[in-house]
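Quick notes on the structure that follows.
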Amino acid sequence: MQKQHNVVAGVDMGATHIRFCLRTAEGETLHCEKKRTAEVIAPGLVSGIGEMIDEQLRRFNARCHGLVMGFPALVSKDKRTIISTPNLPLTAADLYDLADKLENTLNCPVEFSRDVNLQLSWDVVENRLTQQLVLAAYLGTGMGFAVWMNGAPWTGAHGVAGELGHIPLGDMTQHCACGNPGCLETNCSGMALRRWYEQQPRNYPLRDLFVHAENAPFVQSLLENAARAIATSINLFDPDAVILGGGVMDMPAFPR
């Protein structure tokens, strides 16, 4: 008989892809996969996530003792409620009582977190920075930002600290996905890069944008805005270390 495993599940909810892993109590990663978000949530968010996890629990004869889900979102202090997630194709009805519904489906505790706080936690442990004050800026679909303070991600009084991408330093003629005009993400994000890229035909793929158009005025403006925002946060926090990452910064020829 196959040994039963006690596992925790981790799900990273992205606008395009969902990443999912199972990890045992001994620290062994049993399974990791990436699926298209639209395919997983087609039958409904709870049904889709539940079936994705249940399929692998059955495969590995595993019992889930907890689920942590990362969202590009504002998450409540108690890690039970998604307050706002403008970049995901989800409705208020999808998110209503989501933690309770998933717990009933999976029969295990569920908690939510900002995805950048989970990424920061990994990066801090991997780089042995757990006892330091650390800032992290992840320039990807949005302008992700997180703070590590006193041995844990700092979430503020209500759980929503660190939303650097939504300070009003962007293009005031553009409305952010959050609904407000002029957020930093309107001209400093992967979404902004894509919008500029698609304004006219290009003879190169989006991922090679910095190879071919690093000196374009819009691209230079994006880089300057990112640098200014990150430098401002450094002045405010006086950190021991700063971590930089994200899909845009990982693109070929991104300035180092």
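Read-outs: derived from the displayed coordinates by stated rules, not from any lab. These numbers were taken from a predicted model, which means no experiment stands behind them. Heads up, the Cβs are rebuilt from the backbone with ideal geometry, glycines too, and the neighbour counts pull from every protein chain shown.
Toward the positive end of the charge dipole of the chain, with +1 on the Cβ of Lys and Arg and -1 on the Cβ of Asp and Glu, the farthest Cα among ASN61, HIS175, ALA42 is that of ASN61.
Taking springs between alpha-carbon atoms closer than 10 angstrom, which of GLY44, GLY14, GLY170 fluctuates most in the Gaussian network model of the chain? Highest fluctuation of the listed residues: GLY44. Within the listed set GLN199, GLN220, GLN131, the Gaussian network model of the chain (springs between alpha-carbon atoms below 10 Å) gives the highest mean-square fluctuation for GLN199.
Label-to-label distance for LYS35 and ASN203 is 4.2 nm, based on points extended 7 Å past Cα in the beta-carbon direction. From its DSSP helices (H runs of at least four residues, each -39,500 (n - 2.57)), the chain gives a residue-normalised ellipticity at 222 nm of -9000 deg cm²/dmol.
With an 8 Å Cα cut-off and a minimum separation of 6 or more residues, compute the relative contact order for the stretch 5-114 in percent. Numbers along the way, then the final one.
Values: 202 pairs, mean separation 30.1, N = 110.
RCO, the stretch 5-114: 27 percent.
For the pair VAL68 and THR232, the difference between a 0.36 nm per residue extended length and the Cα-Cα distance amounts to 55.9 nm.
Counting Lys and Arg as +1 and Asp and Glu as -1, what is the net charge of the other residues whose Cβ lies under 13 Å from the Cβ of LYS77?
Working: positive: LYS79, ARG80, ARG114; negative: ASP78, GLU111.
Once positives and negatives cancel, what remains is +1.
Counting Lys +1, Arg +1, Asp -1, Glu -1, what net charge surrounds THR24 among other residues with beta carbon under 11 Å of its beta carbon? Numbers along the way, then the final one.
Details: positive: LYS3, ARG23, ARG63; negative: GLU26, GLU28.
Residues close to THR24 contribute a combined charge of +1.
Residues considered: VAL160, VAL11, VAL134. Largest GNM mean-square fluctuation over the chain, using C-alpha springs under 10 Å, is found at VAL160. Among VAL219, VAL125, the order by Cβ neighbours within 10 angstrom, fewest to most, reads VAL125, VAL219.
Charging the Cβ of each Asp and Glu at -1 and of each Lys and Arg at +1, and nothing else, the dipole of the stretch 1-91 about its Cα centre rounds to 100 debye.
Averaging over all projection directions, find the projected area of the Cα convex hull of the chain and quote it in nm² with one decimal place.
Numbers: hull surface 61.4 nm².
Taking a quarter of the hull surface, the average projection is 15.3 nm².
State the three equivalent ellipsoid semi-axes of the stretch 128-245, derived from the C-alpha gyration tensor as the square roots of 5 times its eigenvalues, in descending order and whole Å.
Details: eigenvalues 162, 55, 27 Å².
For the stretch 128-245, the ellipsoid semi-axes come out as 28, 17, 12 Å.
Please list, in order, the residues from the stretch 110-154 whose amide nitrogen is less than 14 Å from a point placed 7 Å along the Cα→Cβ vector of ARG194. So the set is 140-143.
Under the definition of Cα pairs under 8 Å and six or more residues apart, what whole-number percent is the relative contact order of the chain? Could the numbers behind the result be given before it?
On the way: 447 pairs, mean separation 37.7, N = 256.
Reported relative contact order: 15 percent.
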